[in-house]
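Here's the structure we're looking at; comments come further down.
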(Lines give C-alpha, C1' and ligand atoms only; values in the text may rest on other atoms or scores of the structure.)
Protein backbone atom coordinates (compact mmCIF):
# COMPACT_ATOMS: atom_id res chain seq x y z
CA UNK A 1 0.00 0.00 0.00
CA UNK A 2 2.78 2.45 1.00
CA UNK A 3 4.72 1.43 -2.10
CA UNK A 4 1.70 2.14 -4.29
CA UNK A 5 1.32 5.62 -2.76
CA UNK A 6 5.02 6.32 -3.37
CA UNK A 7 4.65 5.31 -7.02
CA UNK A 8 1.62 7.53 -7.37
CA UNK A 9 3.50 10.49 -5.88
CA UNK A 10 6.40 9.80 -8.28
CA UNK A 11 4.06 9.79 -11.26
CA UNK A 12 2.43 13.02 -10.09
CA UNK A 13 5.86 14.63 -9.59
CA UNK A 14 6.96 13.54 -13.08
CA UNK A 15 3.70 14.82 -14.56
CA UNK A 16 4.23 18.19 -12.83
CA UNK A 17 7.76 18.46 -14.25
CA UNK A 18 6.53 17.58 -17.75
CA UNK A 19 3.69 20.12 -17.51
CA UNK A 20 6.13 22.78 -16.30
CA UNK A 21 8.46 22.13 -19.25
CA UNK A 22 5.53 22.18 -21.67
CA UNK A 23 4.26 25.46 -20.21
CA UNK A 24 7.71 27.07 -20.38
CA UNK A 25 8.14 25.82 -23.95
CA UNK A 26 4.72 27.19 -24.91
CA UNK A 27 5.54 30.59 -23.39
CA UNK A 28 8.89 30.64 -25.21
CA UNK A 29 7.11 29.80 -28.46
CA UNK A 30 4.67 32.67 -27.88
CA UNK A 31 7.57 35.06 -27.22
CA UNK A 32 9.37 33.92 -30.38
CA UNK A 33 6.20 34.35 -32.44
CA UNK A 34 5.58 37.78 -30.92
CA UNK A 35 9.06 39.17 -31.58
CA UNK A 36 9.48 37.54 -35.00
CA UNK A 37 5.97 37.83 -36.46
CA UNK A 38 3.46 39.83 -34.45
CA UNK A 39 5.40 42.57 -32.65
CA UNK A 40 4.24 45.89 -34.20
CA UNK A 41 7.02 47.77 -35.99
CA UNK A 42 7.48 51.29 -37.32
CA UNK A 43 7.13 51.79 -41.08
CA UNK A 44 10.21 52.67 -43.10
CA UNK A 45 10.06 56.01 -44.91
CA UNK A 46 12.30 57.06 -47.81
CA UNK A 47 12.49 59.84 -50.37
CA UNK A 48 14.15 58.09 -53.33
CA UNK A 49 13.56 60.93 -55.81
CA UNK A 50 12.70 64.61 -55.74
CA UNK A 51 12.17 67.28 -58.40
CA UNK A 52 12.44 71.04 -58.42
CA UNK A 53 9.10 72.10 -59.89
CA UNK A 54 9.70 75.84 -59.85
CA UNK A 55 12.18 78.47 -58.73
CA UNK A 56 11.18 82.15 -58.87
CA UNK A 57 13.75 84.76 -57.79
CA UNK A 58 12.62 88.20 -56.66
CA UNK A 59 14.08 91.41 -58.09
CA UNK A 60 17.79 91.89 -57.35
CA UNK A 61 17.90 88.22 -56.28
CA UNK A 62 17.25 89.19 -52.65
CA UNK A 63 14.82 86.32 -52.28
CA UNK A 64 13.22 83.41 -54.07
CA UNK A 65 10.21 81.14 -53.95
CA UNK A 66 10.47 77.49 -54.84
CA UNK A 67 8.42 74.34 -55.10
CA UNK A 68 9.56 70.72 -54.81
CA UNK A 69 7.94 67.40 -55.60
CA UNK A 70 8.93 64.62 -53.20
CA UNK A 71 8.39 60.99 -54.09
CA UNK A 72 7.76 59.45 -50.66
CA UNK A 73 8.00 55.67 -50.36
CA UNK A 74 6.78 53.87 -47.24
CA UNK A 75 7.14 50.20 -46.35
CA UNK A 76 4.91 48.50 -43.80
CA UNK A 77 6.77 45.46 -42.35
CA UNK A 78 3.84 44.38 -40.17
CA UNK A 79 1.41 41.53 -40.74
CA UNK A 80 -1.45 44.01 -40.47
CA UNK A 81 -2.44 47.24 -42.21
CA UNK A 82 -0.70 50.44 -41.10
CA UNK A 83 -3.04 53.44 -40.85
CA UNK A 84 -1.52 56.85 -41.67
CA UNK A 85 -3.25 59.35 -39.42
CA UNK A 86 -3.75 63.13 -39.27
CA UNK A 87 -0.57 64.93 -38.23
CA UNK A 88 1.59 63.44 -40.98
CA UNK A 89 3.47 66.28 -42.69
CA UNK A 90 6.19 67.30 -45.12
CA UNK A 91 8.20 70.40 -44.19
CA UNK A 92 10.71 72.63 -46.00
CA UNK A 93 13.55 74.32 -44.09
CA UNK A 94 16.00 77.10 -44.92
CA UNK A 95 18.58 78.46 -42.46
CA UNK A 96 17.12 76.10 -39.82
CA UNK A 97 13.71 77.78 -40.11
CA UNK A 98 10.54 76.19 -41.45
CA UNK A 99 9.52 77.95 -44.66
CA UNK A 100 7.06 75.44 -46.12
CA UNK A 101 4.50 72.91 -44.91
CA UNK A 102 2.24 70.32 -46.56
CA UNK A 103 -0.07 67.87 -44.73
CA UNK A 104 0.05 64.25 -45.85
CA UNK A 105 -3.48 62.80 -46.15
CA UNK A 106 -4.76 59.78 -44.26
CA UNK A 107 -4.14 56.47 -46.00
CA UNK A 108 -3.69 52.76 -45.42
CA UNK A 109 -0.54 50.77 -46.20
CA UNK A 110 -1.38 47.06 -46.61
CA UNK A 111 0.52 44.46 -44.60
CA UNK A 112 4.11 43.87 -45.76
CA UNK A 113 3.66 46.23 -48.70
CA UNK A 114 5.10 49.41 -50.20
CA UNK A 115 3.14 52.58 -50.78
CA UNK A 116 4.35 55.59 -52.78
CA UNK A 117 2.87 59.06 -52.81
CA UNK A 118 3.86 62.37 -54.41
CA UNK A 119 4.05 65.35 -52.08
CA UNK A 120 4.25 68.91 -53.41
CA UNK A 121 6.20 71.11 -51.02
CA UNK A 122 6.37 74.87 -51.61
CA UNK A 123 7.86 77.78 -49.70
CA UNK A 124 5.07 79.75 -48.02
CA UNK A 125 7.17 82.95 -48.05
CA UNK A 126 10.16 83.96 -50.21
CA UNK A 127 13.49 82.66 -48.97
CA UNK A 128 15.79 85.59 -48.06
CA UNK A 129 18.95 84.97 -50.07
CA UNK A 130 20.87 87.96 -48.67
CA UNK A 131 21.18 88.85 -44.95
CA UNK A 132 18.96 91.71 -43.76
CA UNK A 133 22.05 93.78 -42.90
CA UNK A 134 22.81 94.18 -46.61
CA UNK A 135 19.30 95.18 -47.72
CA UNK A 136 18.51 98.88 -47.87
CA UNK A 137 15.13 100.15 -46.59
CA UNK A 138 13.79 100.30 -50.14
CA UNK A 139 14.57 96.63 -50.69
CA UNK A 140 17.74 97.15 -52.76
CA UNK A 141 21.11 95.62 -52.00
CA UNK A 142 23.72 97.81 -50.30
CA UNK A 143 27.15 98.21 -51.89
CA UNK A 144 29.18 97.91 -48.69
CA UNK A 145 30.76 94.54 -49.40
CA UNK A 146 29.34 91.09 -48.89
CA UNK A 147 31.18 89.26 -46.09
CA UNK A 148 28.99 86.62 -44.53
CA UNK A 149 26.86 86.16 -47.65
CA UNK A 150 24.89 82.91 -47.62
CA UNK A 151 25.70 80.03 -49.92
CA UNK A 152 23.24 81.35 -52.53
CA UNK A 153 25.80 84.06 -53.36
CA UNK A 154 28.16 81.26 -54.42
CA UNK A 155 25.39 79.80 -56.64
CA UNK A 156 24.48 77.06 -54.15
CA UNK A 157 21.30 77.29 -52.10
CA UNK A 158 21.14 74.78 -49.20
CA UNK A 159 17.69 73.69 -48.06
CA UNK A 160 16.36 70.65 -46.23
CA UNK A 161 13.15 68.67 -46.04
CA UNK A 162 11.56 66.39 -43.48
CA UNK A 163 8.72 63.91 -43.89
CA UNK A 164 6.94 62.82 -40.72
CA UNK A 165 4.52 59.89 -40.78
CA UNK A 166 2.12 59.50 -37.87
CA UNK A 167 0.05 56.33 -37.67
CA UNK A 168 -0.99 53.17 -35.91
CA UNK A 169 -0.94 49.43 -36.46
CA UNK A 170 -2.69 46.61 -34.58
CA UNK A 171 -1.54 43.02 -35.09
CA UNK A 172 -3.78 39.98 -34.46
CA UNK A 173 -6.28 42.42 -32.86
CA UNK A 174 -4.14 42.40 -29.72
CA UNK A 175 -0.91 44.35 -30.07
CA UNK A 176 -1.31 48.03 -30.92
CA UNK A 177 1.53 50.43 -31.69
CA UNK A 178 1.60 54.18 -32.41
CA UNK A 179 4.35 55.47 -34.71
CA UNK A 180 5.96 58.86 -35.30
CA UNK A 181 8.59 58.29 -37.98
CA UNK A 182 10.65 60.98 -39.72
CA UNK A 183 12.96 61.01 -42.74
CA UNK A 184 15.15 64.08 -43.39
CA UNK A 185 16.96 65.16 -46.55
CA UNK A 186 19.60 67.80 -47.24
CA UNK A 187 19.31 69.44 -50.66
CA UNK A 188 21.75 71.65 -52.57
CA UNK A 189 20.21 73.79 -55.31
CA UNK A 190 22.43 75.11 -58.06
CA UNK A 191 21.31 78.67 -58.82
CA UNK A 192 22.23 80.28 -62.15
CA UNK A 193 22.85 83.98 -62.72
CA UNK A 194 19.85 84.09 -65.05
CA UNK A 195 17.54 83.08 -62.21
CA UNK A 196 17.27 79.42 -63.16
CA UNK A 197 17.92 76.65 -60.64
CA UNK A 198 18.26 72.88 -60.46
CA UNK A 199 18.91 70.23 -57.84
CA UNK A 200 22.67 69.80 -57.66
CA UNK A 201 22.62 67.02 -55.06
CA UNK A 202 20.61 65.67 -52.17
CA UNK A 203 21.09 63.06 -49.46
CA UNK A 204 18.55 61.50 -47.14
CA UNK A 205 19.11 59.73 -43.86
CA UNK A 206 17.36 56.53 -42.85
CA UNK A 207 14.02 57.11 -41.18
CA UNK A 208 13.92 56.95 -37.40
CA UNK A 209 11.28 57.01 -34.68
CA UNK A 210 10.64 60.20 -32.72
CA UNK A 211 9.50 58.03 -29.80
CA UNK A 212 12.96 56.43 -29.29
Have a look at 143, 211, 173 and point out the one that is modelled with pLDDT under 85, touching a strand residue (DSSP E or B) at 6+ places or on another chain (Cβ under 6 Å), in a loop (DSSP other than H, G, I, E, B) and surrounded by fewer than 11 Cβ atoms within 10 Å (Cβ to Cβ). 211
Give me the pairs, please: first residue somewhere in region 86-98 and in the same structural domain as residue 167 (by TED's automatic domain parsing), second residue anywhere and not in a strand (DSSP E or B), beta-carbon distance under 7 Å, and either six or more positions apart or on two chains. 86/106; 88/104; 89/104; 90/104; 92/123
Residue check, residue 89 modelled with pLDDT of 95 or more and surrounded by 10 or more Cβ atoms within 10 Å (Cβ to Cβ): yes
Could you tell me which numbered condition residue 20 fails, if it satisfies all but one of (1) part of a loop (DSSP other than H, G, I, E, B); (2) free of Cβ contacts under 8 Å to residues at least 60 places away in the same chain? (1)
Which of the following residues is at pLDDT 95 or above and either closer than 19 Å to residue 207 by Cα or assigned by TED's automatic domain parsing to the domain that holds residue 192 (or both): 135, 62, 104? 104
Does residue 161 meet the test of being surrounded by 13 or more Cβ atoms within 10 Å (Cβ to Cβ), in the same structural domain as residue 65 (by TED's automatic domain parsing), assigned to a strand (DSSP E or B) and modelled with pLDDT under 95? no
For residue 29, state whether it is in a helix (DSSP H, G or I), within 32 Å of the chain's Cα centre (by Cα) and modelled with pLDDT under 80. no
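The values are calculated or read from the model by the stated rules, or taken from the named source; none is laboratory data. Just so it is clear, the model here is predicted, and its values are computed rather than measured. We place every Cβ from the backbone using ideal geometry, glycine too, and count neighbours over all the protein chains shown.
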